[in-house]
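Take a look at the structure below.
The values are calculated or read from the model by the stated rules, or taken from the named source; none is laboratory data. Every value quoted in this text rests on a predicted model; they were computed, and no experiment measured them. Neighbour counts are summed over all protein chains in view; Cβ atoms, including those assigned to glycine, are modelled from backbone coordinates with ideal geometry. Just so you know, the surface numbers come from the protein's heavy atoms only, side chains and all, with ligands and any DNA or RNA stripped out. Shrake-Rupley method; radii C 1.70, N 1.55, O 1.52, S 1.80 Å.
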Amino acid sequence: TPETHVLYYSNYNMNGASKLNRPVEGTCCAGTRPLTVIQYHINTYYHDNSNIYVNLFTPSTVNWKREKNTVQLTQRTDFPYSGSAEFMIATDKPDKFGIGIRVPDWITATGMNASVNGKTVAGRKERGWFIIERLWANDDKLQITLPMDFWLSVLDRSEGRPTAVMYGPLVMAFTSVDLTLRSSKYN
């Protein structure tokens, strides 16, 4: 059998995600990364009885059937090129529930900002989510800001390397003056 050297394992669920490097050949769970990519539509939103959770920032619409109501949440965003997203709420009648926004690990110390219909609102942090709970009405608009900054992502914490330079969720790239990495270490 060919050597696969797959070093990635991911576990995604409503209570968080974990990503681990596995320095072995052909890990049994190597399929979770490509599987997650084709299941974005499943992983974008979650819900329980009280809240709908936004896990991925991507233009999308979801219909959430509640006991006595249906809520439609439409997300507009240019993420990751912009650190903001807008959510339009459509509902047959006003309904009290929470909208939970996933708080990315890379978010800056200033934290996430939210406004409803142009007015700043507070939320509560709970298990990696920022939840805005209120009586939502038809045509309400929730806007969030996800402040981004530069940071270092260490892929293997036990080794302290390799490290990627990031800006929010984006990996930065560079070239050297002569477009190569010429040093005795890389030759």
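Observations, loosely collected:
- Against the list (1) surrounded by 14 or more Cβ atoms within 10 Å (Cβ to Cβ); (2) modelled with pLDDT of 95 or more; (3) over 19 Å from residue 140 (Cβ atoms), the condition residue 43 fails is (2).
- Residue 113 falls short on exactly one of the conditions (1) at positive phi; (2) open to solvent by 40 Å² or more (accessible area, probe 1.4 Å), and that condition is (1).
- Residue within region 50-65 that is open to solvent by less than 10 Å² (accessible area, probe 1.4 Å), closer than 24 Å to residue 170 by Cα and modelled with pLDDT of 95 or more present: yes
- For the residues 91, 77, the requirement of being within 22 Å of residue 118 (Cα to Cα), under 16 Å from the mean Cα position of the chain (by Cα) and touching a residue at least 12 places away in the same chain (Cβ under 8 Å) singles out 77.
- Of the residues making up region 66-106, just one is surrounded by fewer than 15 Cβ atoms within 10 Å (Cβ to Cβ) and of a type in the set (Gly, Ala, Ser), namely 82.
- Subset of region 120-164 (residues that are over 20 Å from residue 76 (Cβ atoms), in contact (Cβ under 8 Å) with a residue 12 or more places away in the chain, open to solvent by 30 Å² or more (accessible area, probe 1.4 Å) and of a type in the set (A, V, I, L, M)): 135, 152, 155
- Some residue of region 92-101 being more than 25 Å from residue 69 (Cα to Cα) and not in a strand (DSSP E or B): no
- Any chance residue 19 is within 30 Å of residue 172 (Cα to Cα), open to solvent by 40 Å² or more (accessible area, probe 1.4 Å), at pLDDT below 95 and not hydrophobic (A, V, I, L, M, F, W, C): yes
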